[in-house]
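Input: a single structure, listed below in structure tokens.
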Amino acid sequence: MILATDQAAFDALFPFSFVTDGDGVILTVGRTLAKLCPLAHVGERASERFTITQPGSLSPSLKPASLVGELAILEYTANRETRFRGHIVATNSQPATYIFWLKPLITQLVDISRLGLSIADFELGDPIFDFLMYMQGQLTNQEKLRETKAAADWESRISKLLLAISITSEECESEQDVYRSAIASVCAALNWEFGHVYVVSERDKEQLVSGKVCINRAPDKLGALEQLTGKMTFSRGEGLPGQVWEQQTVIWVKDVRRNSEFLRRGSVQHLSNFTAVGLPIFVGDTVIAVIEFFTQREIPDSENMRRFFDLLSAQLGGTIARQRAERASRQHLAGLANASKMATLGEMAAGVAHEINNPLHTLALTSHLLKKLKESKKLSLDMLEGQLDKMESSIQRMSTIVGALKSFSRDSSRDSFQSSSLRKLVKEVVLLTTPTLEVEDIKVLVSDIPDAWLIDCRPSQITQVLLNLVNNACDAIRDQPDRWISVE
């Protein structure tokens, strides 16, 4: 038998129920029901606070004796969406009392939060409790699945982005192009509005200066920041770039407008938020640059984002290190090629000097002859024209030789390709090597090369190749009785 006065026991056993006398006057209200239906007070008639919606044949007066054994659905009159389902049970007490043994009518999970309930409001073994525990487990599993999928999607996204940056970076010819390509890709993929790079100054290794690479996708709002960023320099520990340089790690600032160490905050005070991240770029153990990204969106510092920027930092540093190594290797090879060229030039020097000396000797003799003829007054116009033709021919030969030497000896590694006559290139090589070949008693046979044969090249490099071929051929036939080289 349940006593109306034993409130603690009643609350423990029937938190959603209430007890009435034979006239339907409320004697006891369960603690959770009292929370859901605060107007249902002891001493009031149940019919004033609740109405029966099912079964419809029952009297709405809530006369408990007529409801015993029936399954009924009750609505709280103050809030029709708060409904209960249960049985009405008669007790053995005298006078008779009736328990409205109820449970909240829940058809979907949203009803739990709407009613302000939680699992703690239900007893162990209660079907609703079991249902809620099951659904909570399902929701937890679904949340874990969502988190796992989100993590996998993010990993896939950053992997594709890093791969795209790697491919485009390898095609860049300069470090500036590498930075520009990477910053543009990150801003586009992550929807960040601003990116810029500071590099260690060539003049002062203790200063960061603008790398002249800036991506501004919101120029109407960030124009002042762009101008200020391009002008400012930073030392170690100064501002966001200097802090990244000094700490040699990724630094995340949730809102630089409220950060006194962000020296450019005046240019972004008109914005509602401005998140920033800075990352160092290493070659070996040395920071060579600091890249910074900004967005007007509030983006929390997360392990996934930091990991991405760490990977980006390592990838760009590796790309630039390889480019520097390749550039140094090319310079070294160019130095070796130039040394080889100078060695070849030295070998040809005696023969070329002889070739130049001959026309000089001719010029000297012709000049002396002209003076003698003038003194003897025997210089006729025909004689003068003939001697001048000889002098012009000698001068032309020397000019050709000097031009070939000049073209051969200059550094053309940075020259652009140009359309060149193959016939002219071969002719220059033959002109330069003829004196040496004549000393070695080696004949040079050159086939007729059409003037229309043109090649895109750096002329001095082709000349170097042809000279090397001729010199190698000389070495190969030096011990042969009949020595000749044929150019076909």
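The values are calculated or read from the model by the stated rules, or taken from the named source; none is laboratory data. Everything quoted here is computed from the prediction, not taken from an experiment. FYI the Cβ positions are ideal-geometry reconstructions off the backbone, even for glycines, and counts take in every protein chain you see.
So which pairs qualify, if the first residue must be in region 25-53 and at negative phi, the second must be of a type in the set (Phe, Trp, Tyr) and part of a helix (DSSP H, G or I), the Cβ gap must be under 6 Å, and the two must be at least 6 apart or on different chains?
Filtered contacts from region 25-53: THR28/PHE10.
Identify all residues within region 422-457 that are over 19 Å from ASN468 (Cα atoms), touching a Lys or Arg at 6+ places or on another chain (Cβ under 9 Å) and surrounded by 14 or more Cβ atoms within 10 Å (Cβ to Cβ); write none if there are none.
ILE449
Name the residues in region 79-88 that are surrounded by fewer than 20 Cβ atoms within 10 Å (Cβ to Cβ) and either farther than 30 Å from GLY116 by Cα or touching a Gly at 6+ places or on another chain (Cβ under 8 Å) (or both), would you?
Across region 79-88, the qualifying residue is only HIS87.
Could you tell me whether any residue of region 48-63 is under 21 Å from ARG114 (Cα atoms), at pLDDT 85 or above and surrounded by fewer than 16 Cβ atoms within 10 Å (Cβ to Cβ)?
No - not one qualifying residue is present in region 48-63.
Could you give every pair whose Cβ atoms fall below 6 Å, whose first residue belongs to region 158-183 and is within 11 Å of GLN315 (Cβ to Cβ), and whose second residue is not in a helix (DSSP H, G or I) and not acidic (Asp, Glu), counting only separations of at least 6 or pairs across chains?
Here the result reads VAL178/CYS172, each pair linking region 158-183 to a residue that is not in a helix (DSSP H, G or I) and not acidic (Asp, Glu).
Which members of region 402-435 meet the condition of being of a type in the set (A, V, I, L, M) and at pLDDT 70 or above?
Across region 402-435, the qualifying residues are VAL402, LEU422, LEU425, VAL426, VAL429, VAL430, LEU431, LEU432.
Considering only region 458-488, state which residues are surrounded by fewer than 14 Cβ atoms within 10 Å (Cβ to Cβ), of a type in the set (A, V, I, L, M) and either touching a Phe, Trp or Tyr at 6+ places or on another chain (Cβ under 7 Å) or within 30 Å of ASP415 (Cβ to Cβ) (or both).
VAL465, LEU469
Counting only residues that are closer than 23 Å to TRP252 by Cα, of a type outside the set (S, T, N, Q) and surrounded by 11 or more Cβ atoms within 10 Å (Cβ to Cβ), how many does region 294-335 have?
17
Of the residues in region 299-323, how many are under 14 Å from PHE282 (Cα atoms) and touching a residue at least 60 places away in the same chain (Cβ under 8 Å)?
9
Do we find a residue being aliphatic (A, V, I, L, M), crowded, with 16+ Cβ neighbours inside 10 Å and within 16 Å of LEU208 (Cα to Cα) anywhere in region 245-262?
There is no residue in region 245-262 that is aliphatic (A, V, I, L, M), crowded, with 16+ Cβ neighbours inside 10 Å and within 16 Å of LEU208 (Cα to Cα).
Can you tell me which residue among ILE183, ILE165, ILE158 is within 25 Å of TRP245 (Cα to Cα), at pLDDT below 90, hydrophobic (A, V, I, L, M, F, W, C) and in a helix (DSSP H, G or I)? Steps first, please.
Values: ILE183 fails: at pLDDT below 90; ILE165 fails: at pLDDT below 90.
It is ILE158.
Being outside any loop (DSSP other than H, G, I, E, B) and aliphatic (A, V, I, L, M): is that true of ILE462 here?
Taking the combined requirement at face value, the residue satisfies it.
Residue under question is SER340, and the condition is that it be out of contact with any Gly (no Cβ under 7 Å at 6 or more places or on another chain), at pLDDT 70 or above and either not basic (Lys, Arg) or not in a helix (DSSP H, G or I) (or both); does it hold? Break it down stepwise before answering.
Numbers: out of contact with any Gly (no Cβ under 7 Å at 6 or more places or on another chain): yes; at pLDDT 70 or above: no; either not basic (Lys, Arg) or not in a helix (DSSP H, G or I) (or both): yes.
Here the answer is no, as SER340 does not meet what is asked.
For region 191-207, which residues satisfy the criterion of being hydrophobic (A, V, I, L, M, F, W, C) and part of a strand (DSSP E or B)? Walk me through how you get there before you give the answer.
Restricting attention to region 191-207, the residues satisfying the condition of being hydrophobic (A, V, I, L, M, F, W, C) are 192, 194, 197, 199-200.
Selection gives PHE194, VAL197, VAL199, VAL200.
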